[in-house]
Protein chains: 2
Amino acid sequence: MYAQGYFFYDSKKSGGITVSHLRFGKTPIKSPYLINKADFVACHNQSYVYKYNVLEGLKKGGKFLLNTIWTPEEVEEHLPASYKKFIAENNIEFYTLNAVKIAQEIGLGGRINMIMQSAFFKLSNVIPVDDAIKYLKDAVVTSYGKKGQKVVDMNNAAIDKGVESIVKIEVPASWASIVEEAAATTEIPEFIKKIVNPMNRQEGDKLPVSAFVGMEDGTFPQGTAAYEKRGVAINVPEWQMDKCIQCNQCAFVCPHAAIRPILANEAEVAAAPAGFEAKDASGAKGLKFHMAVSPLDCLGCGNCADICPAKEKALVMKPLDTQLEKSAAWDYALTVSHKENPAKKFSVKGSQFEKPLLEFSGSCAGCMETSYAKVVTQLFGDRMMIANATGCSSIWGASAPATPYTTNHRGHGPSWANSLFEDNAQFGLGMFLGVEQLRDKLAMTVKEVLGGNASANLKAALQDWLDNMNVGEGSRERADKVIAAIEAEKTDCGLVKEIYDNKDFLVKRSHWIFGGDGWSYDIGYGGLDHVLASGEDVNVFVFDTEVYSNTGGQSSKATPTAAIAKFAASGKKTKKKDLGMMAMSYGYVYVAQVSMGADKNQLVKALAEAEAYPGPSLVIGYSPCINHGLKASMGKSQLESKKAVDCGYWALYRYNPALKEEGKNPFVLDSKEPTGDFREFLMGEVRYASLSKQFPEAAEALFEKTERDAKERLAGYKELAAK
Amino acid sequence: MYAQGYFFYDSKKSGGITVSHLRFGKTPIKSPYLINKADFVACHNQSYVYKYNVLEGLKKGGKFLLNTIWTPEEVEEHLPASYKKFIAENNIEFYTLNAVKIAQEIGLGGRINMIMQSAFFKLSNVIPVDDAIKYLKDAVVTSYGKKGQKVVDMNNAAIDKGVESIVKIEVPASWASIVEEAAATTEIPEFIKKIVNPMNRQEGDKLPVSAFVGMEDGTFPQGTAAYEKRGVAINVPEWQMDKCIQCNQCAFVCPHAAIRPILANEAEVAAAPAGFEAKDASGAKGLKFHMAVSPLDCLGCGNCADICPAKEKALVMKPLDTQLEKSAAWDYALTVSHKENPAKKFSVKGSQFEKPLLEFSGSCAGCMETSYAKVVTQLFGDRMMIANATGCSSIWGASAPATPYTTNHRGHGPSWANSLFEDNAQFGLGMFLGVEQLRDKLAMTVKEVLGGNASANLKAALQDWLDNMNVGEGSRERADKVIAAIEAEKTDCGLVKEIYDNKDFLVKRSHWIFGGDGWSYDIGYGGLDHVLASGEDVNVFVFDTEVYSNTGGQSSKATPTAAIAKFAASGKKTKKKDLGMMAMSYGYVYVAQVSMGADKNQLVKALAEAEAYPGPSLVIGYSPCINHGLKASMGKSQLESKKAVDCGYWALYRYNPALKEEGKNPFVLDSKEPTGDFREFLMGEVRYASLSKQFPEAAEALFEKTERDAKERLAGYKELAAK
Ligand SMILES: Cc1ncc(C[n+]2csc(CCOP(=O)(O)OP(=O)(O)O)c2C)c(N)n1
Ligand SMILES: Cc1ncc(C[n+]2csc(CCOP(=O)(O)OP(=O)(O)O)c2C)c(N)n1
Ligand code: SF4
Ligand code: SF4
Ligand code: SF4
Ligand code: SF4
């Protein structure tokens, strides 16, 4: 007996789909293509029947096994008509199995694989089922023997149950003549219908080239992740209005922008659907405050609830199905009118009244990379250009077909592109230089018009623009004034027309270069160094996960001593590179280290300063990641990033060359003298803790070294701060 | 009238050959190949008749013009027989012209181009000669008008003289039947005869592929530059024995290893040819001291004479022809027996009793890159492996066909290879890792033999080797002992045989990575940073010329503020990157900044420490270069590098992580408080001085900034030193 397997995935960082194509036969199998005529199809996730056509390619008379909580009656009620029709017309043998329930009963939690495997062997008859059971049980001993008899017993029970619990569904003749419901007529853009949805259904291969007419340069529309409504969370937060202190911290930290403070006026509240509770907004007279949650967009990490500082938690995690009804309130919340920000935009609370221009990405639940990026878009998104290095941020930033970067109520949002991993800083510099050329040209034209006989009104607007053309804050307003003045002018002057034609370049752009530590410390470092040295006004944000996350956790120069990573299986021997210190050696580069969970104010301050500094800026953000193996779970990634600072593992600082020009010390150490237990912090993460299991002797010395390294680094910062 | 020109060069940095292939015609010329049937050949350098076959391809009845100081009688006497025969047999019209004398008389110094041009037009008849003269004179006004009437007049005189002074040589019939002298029978290796000489005669294109059988991997023999004997200096040093204080500083600084202290015993002195003067060697009882000079290998820079510290200079620059007779003494000097170094090898004086294993390269006269590299080979050359970045050092290090790297009396010398510009650090790390694998394997075998029943003698040698296998100094001696012990053992043990077969790896190799600042600060920096961070035992030497020298002086991140360079035509705006500081941020990288002319002792100390440090080392050497435009000339490059330190433009320091482990401050600032005048230093170099001519207003601010940058840098070093 020979077997062959191909495995086919999407690129979501979590909650994605895998399709396993398996062939069996008596001769070696060398088919270099996926299966398109199957004898057997199993669907391990009930919700997929709504999203994918899993039956496609199943042969006439083939078998279909669905893992579902539905009883046969409920199958009749819930199974989509297209499935019923296909099953009946093609004479499919249809079986169900409640593997989720079985696994829970046995004590296997969410692990349904053994159950589904034995059911597969029972139904498919690839080999005699008794042989299959024997082999499976032998394999259990090999795989789990070390974990003790209890685990072995549970898996054996799963195998038996899988075989026993299959339910055959009798297919009524009526299914053959069923009429498919017309698709819901909610307003969905053409691009979503024609491209996003087919691709998300794993049918992208079938799209004709003509579907992409008009987007030959590869540009995809923004804001399309909002149509995915993945609904992959187990639990999602429920807002307890009365306990809420309106600090907006939950919204600040949410990686997926699935929780947002909404300001509504009385009329809007009155017109709202059920579930849109609201109370008086503090600091915004006449407005009501509602914390909107999107159950279908939330990834259920729990960070919002975890960090909620209200005396009694104002967010409680509840099972997804209990919260689905809040979707209507969410949808409504997104339609309430735009309100001026009642708080300071550059504050933790105020930033959250700005629309996040990164939302619902495919990053892991609790990922801090997206938390940072989301906040950056809230501060500068409407005039941002992003050059993105390859890495997690290029995957959650744009995993085709859906784009999580989006636009605000005026249609402004970040432009975004991904370059080669190794060239991203240069790519971002190129964007800056290209825009600079156009704006310099614009400035020349403006000067010419100022020298001519335009109206006083237009001249005032142009002069104001010219005087502040490279100042980011207020740039949008100054540009608006120029545009309005030109429109009022009704002139046919060619120069004025030229300014108008280039009005998109009136606004000072905010140039950002995003990437991970593999990019910035290693493979792209040569370019990053060159770009920082150039002195040009670009901003770099490094998502420092201390490993190459996207490819599964390889060691980078950002990996500290003792951490286990790929290529450093026995713990890294050399210390973490001090990227910030190296950048500071230029003296004219703004540099900051931040950690969202440790100090959100410092993060906002650093971002504001970095962006305002008229030279290169580098902000390095500590980013807990699934590769760290947080024992407390990714639902505490915010807390973990606080612990890292509390124990002296990570330091917060800002180095602002502008201060030097004022005769001040440019270096400010923001983190306090460590109080937390360094070793305890390490032991809370599998990447460190497992070293003492695997290499008990070497571990001790490496742990000591990594603590010493951190202390030395901190001592160096203190010296800088004391100057 | 149409014209076409191709220009064909060798890759020597100075004193090389250029062949101009010119075509003229009444229709457009589109010949994409060099001329191989010429109507006219001119040879502008008399010495070429000995080196090249310049007549090759001259048509029957064609014209040959030779620029020569020879009278017709002297032509008869000196012209090589092959030339005479060719001229006679092919009915060549032969003319001479003493352009050198004319140029000197007119006041044009060495500039003979106008004279040769007008002579060309006179003889070639490409256009009527009167027209040609008129055009040439018009061109003189255009080109030199700005320089004043005197210059115009001199050039016009040159044009007239060129036409007037041609001498027609009557070719005697006897030349046709002349017999070519047999080639001198000095012992010349096959490789030189078959490959180097033809290639140096610009006849490499004609070599058959079969000439390279046995060197298919591209490896070329070492030490072949010694056969070039280029004789391109105008003046060369003459040693004044009585005034010499035997400090060896002249030999230390010579970029071309053309001056060397020789220790000879009485018998050797007695047997020496004339010109081999010798006096009692100080510090080496029973030996005599001679300072040998090779007039044909010297490039005549004058640094040796300039830095000679004897009360009355013991070296005086004299015209080359007066010194040619010293060649015999030089040749003899190289044959005297090897003497144990009577002084400390790691001292300025002692290092010069070691054979330079880099000699007679094609670098510019006075180039400091080669001065550094030569000293490195004297300290570690017999066990060195060099990975060389593209740049001047890859050109003077190996411009085919001649190789200046060579071997010592035992046949040991550096191995050398050039990689891609951007990958050189990685290339050098690869060499290290490859050797490390082999030596680790060797150590395992040695341990096995130590556990067996080898003789006490062999075991003692092996144990000593094992205990010190990674210690460079004494490694050769320990390896020799192991080899002798194995040879004495006469065993047929397979393990012992394995050690013997790998005896080349017994010696600890000294791994070096060479390159310029364009490589190390810019294009190769990402890799360099990665290699330094690796913690492995490799040594990097950066030849910091502060520009991309080899390609004509482009700005790099090593270029300081205000310097004019390509891509920084109005003076560089950003400050010099502090490469050393960035490397120091790792804490485990040895870093030094050196400047040969400022402190030779500090240089030797830094090299010794860097090589001995069992981790990565980075030594950055300040390197005056023709691209700086030294107003004092490249004959004072050593002095210039001293001035750079004296005025605080360049700092000398050593950062030795080994000291940290001893609880000491790892950073030692070796340069003293600056006393020289910073601005005066800048004004001594065209790269700075010309800024004040071209951009007088901007210059002042930039000069102030570059001085401030240097002061800040120095202040930072002082702080480090004060810890
Ligand atoms: C030159 C190059 N090498 C390797 C890869 C494969 N690759 C893609 S993403 C990635 C990891 C990125 O790691 P990091 O920069 O730390 O970002 P993170 O995923 O942690 O956000 C790698 C190695 C690549 N795309 N290009
Ligand atoms: C990637 C790459 N870019 C450009 C070149 C062309 N190139 C050859 S040598 C050189 C200059 C080297 O300058 P530097 O490293 O400062 O060494 P120097 O010549 O000053 O010793 C350049 C640009 C190249 N070989 N490879
Ligand atoms: S649980 Fe996580 S993803 Fe969901 S709203 Fe809270 S922070 Fe956002
Ligand atoms: S950085 Fe880590 S947590 Fe975030 S998406 Fe990548 S793998 Fe997931
Ligand atoms: S003149 Fe220059 S090249 Fe010649 S021996 Fe002296 S230092 Fe060397
Ligand atoms: S570094 Fe400068 S002086 Fe030396 S060979 Fe190159 S161009 Fe000539």
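A Cβ distance below 8 Å, combined with a sequence gap of six or more or placement on separate chains, defines the contacts here; from the stretch A:237-253, residues that are assigned by TED's automatic domain parsing to the domain that holds A:S327 reach residues that are surrounded by fewer than 17 Cβ atoms within 10 Å (Cβ to Cβ) and assigned to a helix (DSSP H, G or I) in the pairs A:E238/A:T322. Taking (1) hydroxyl-bearing (S, T, Y); (2) over 23 Å from B:I169 (Cβ atoms); (3) open to solvent by 40 Å² or more (accessible area, probe 1.4 Å); (4) modelled with pLDDT of 90 or more in turn, B:S11 satisfies each apart from (4). Collect the residues in the stretch A:300-341 that are more than 20 Å from A:A598 (Cα to Cα), open to solvent by 10 Å² or more (accessible area, probe 1.4 Å), assigned to a loop (DSSP other than H, G, I, E, B) and in contact with a helix residue (DSSP H, G or I) (Cβ under 8 Å, 6 or more places away or on another chain), keeping them in residue-number order. A:G300, A:E312, A:V336, A:S337, A:N341, listed by residue number.
Within the stretch B:290-299, one or more residues are over 24 Å from B:G597 (Cβ atoms) and part of a strand (DSSP E or B). Only one entry in A:K30, A:K60 is assigned to a loop (DSSP other than H, G, I, E, B) and loosely packed, with under 12 Cβ neighbours inside 10 Å, namely A:K30.
Of the residues making up the stretch A:249-289, those that are assigned to a loop (DSSP other than H, G, I, E, B) and not small (G, A, S) are A:C254, A:P255, A:H256, A:N265, A:P273, A:F276, A:E277, A:K285, A:L287. Scanning the stretch B:586-596 for residues that are within 10 Å of chain A (Cβ to nearest Cβ) and in contact with a strand residue (DSSP E or B) (Cβ under 6 Å, 6 or more places away or on another chain) gives no hits.
One residue stands out among those in the stretch A:522-552 that are within 16 Å of ligand 4 (Cβ to nearest atom) and in a strand (DSSP E or B): the one that is nearest to A:Q463 (Cα to Cα), which is A:F541. Against the list (1) more than 14 Å from chain A (Cβ to nearest Cβ); (2) open to solvent by less than 10 Å² (accessible area, probe 1.4 Å); (3) part of a helix (DSSP H, G or I), the condition B:W519 fails is (1).
Among the residues that make up the stretch A:398-416, is at least one of them over 27 Å from A:V594 (Cα atoms) and free of Cβ contacts under 8 Å to residues at least 12 places away in the same chain? Yes: one or more hits. Among the candidates B:E89, B:E93, B:E74, the residue that is over 17 Å from B:I166 (Cβ atoms) and acidic (D, E) is uniquely B:E89. Pairs linking a residue in the stretch B:284-300 that is outside the structural domain of B:S637 (by TED's automatic domain parsing) to a residue that is open to solvent by less than 20 Å² (accessible area, probe 1.4 Å) and at pLDDT below 95, with Cβ atoms under 7 Å and 6 or more positions apart or on different chains, are B:C298/B:A233; B:L299/B:A233; B:G300/B:A233. Of the listed requirements (1) assigned to a helix (DSSP H, G or I); (2) open to solvent by 10 Å² or more (accessible area, probe 1.4 Å); (3) within 14 Å of chain A (Cβ to nearest Cβ); (4) closer than 23 Å to B:T377 by Cβ, B:D504 misses just one: (3). Considering A:A632, A:A689, the condition of being within 25 Å of the chain's Cα centre (by Cα), of a type in the set (G, A, S) and either open to solvent by less than 30 Å² (accessible area, probe 1.4 Å) or away from every other protein chain (no Cβ under 14 Å) (or both) is satisfied by A:A632 alone. Put simply, of B:A484, B:A454, B:A488 the only residue that is in a helix (DSSP H, G or I), among the small types (G, A, S) and farther than 22 Å from B:H409 by Cα is B:A488. Taking B:S549 as the residue in question, decide whether it is under 26 Å from the mean Cα position of the chain (by Cα) and more than 9 Å from chain A (Cβ to nearest Cβ). So B:S549 fits the description; yes.
Picking from residues in the stretch B:522-546 that are within 9 Å of chain A (Cβ to nearest Cβ) and hydroxyl-bearing (S, T, Y), the one that is surrounded by the most Cβ atoms within 10 Å (Cβ to Cβ) is B:Y525. Here B:Y33 fits the description: farther than 27 Å from B:R230 by Cα, under 36 Å from the mean Cα position of the chain (by Cα) and modelled with pLDDT of 90 or more.
Restricting attention to the stretch B:552-585, the residues that are within 10 Å of chain A (Cβ to nearest Cβ), open to solvent by 10 Å² or more (accessible area, probe 1.4 Å) and within 25 Å of the chain's Cα centre (by Cα) add up to 1. Residues that are buried (at least 24 other Cβ atoms within 10 Å of the Cβ), more than 14 Å from chain A (Cβ to nearest Cβ) and outside any helix (DSSP H, G or I) within the stretch B:597-617 comprise B:G597, B:A598, B:S617, listed in sequence order. The single condition among (1) touching a residue at least 40 places away in the same chain (Cβ under 8 Å); (2) open to solvent by 10 Å² or more (accessible area, probe 1.4 Å) that A:K344 does not satisfy is (1). Taken over the stretch A:68-118, the criterion of being in contact (Cβ under 8 Å) with a residue 40 or more places away in the chain, closer than 30 Å to A:V151 by Cβ, part of a loop (DSSP other than H, G, I, E, B) and open to solvent by less than 20 Å² (accessible area, probe 1.4 Å) is satisfied by A:L108 alone.
The rows are residues; the columns are (1) charged (D, E, K, R); (2) farther than 30 Å from A:L528 by Cβ; (3) within 16 Å of ligand 6 (Cβ to nearest atom).
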| residue | (1), (2), (3) |
| --- | --- |
| B:A563 | no, no, yes |
| B:M584 | no, no, no |
| B:V591 | no, no, no |
| B:A610 | no, no, no |
| B:G615 | no, no, no |
| B:G621 | no, no, yes |
| B:Q638 | no, yes, yes |
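Tell me which residues, restricted to the stretch A:356-397, are part of a loop (DSSP other than H, G, I, E, B), more than 12 Å from ligand 1 (Cβ to nearest atom) and on the phi < 0 side of the Ramachandran plot. Listed by number, the residues that qualify are A:P356, A:L357, A:E359, A:S361, A:G362, A:A365. Is it true that A:C254 is away from ligand 2 (no atom under 16 Å from the Cβ), closer than 27 Å to A:K12 by Cβ and surrounded by 18 or more Cβ atoms within 10 Å (Cβ to Cβ)? For A:C254, the condition - away from ligand 2 (no atom under 16 Å from the Cβ), closer than 27 Å to A:K12 by Cβ and surrounded by 18 or more Cβ atoms within 10 Å (Cβ to Cβ) - is met.
Taken together, A:A387, A:A425, A:A329 contain a single residue that is away from ligand 4 (no atom under 16 Å from the Cβ), modelled with pLDDT of 95 or more and within 14 Å of chain B (Cβ to nearest Cβ), which is A:A425.
The values are calculated or read from the model by the stated rules, or taken from the named source; none is laboratory data. Here the structure is a predicted model, which is why all the values come from computation and not from measurement. All Cβ positions, glycine included, derive from the backbone under ideal geometry; neighbour counts span all protein chains shown. Heavy atoms of the whole protein, side chains included, go into the accessibility calculation; ligands, DNA and RNA do not. Shrake-Rupley method; radii C 1.70, N 1.55, O 1.52, S 1.80 Å.
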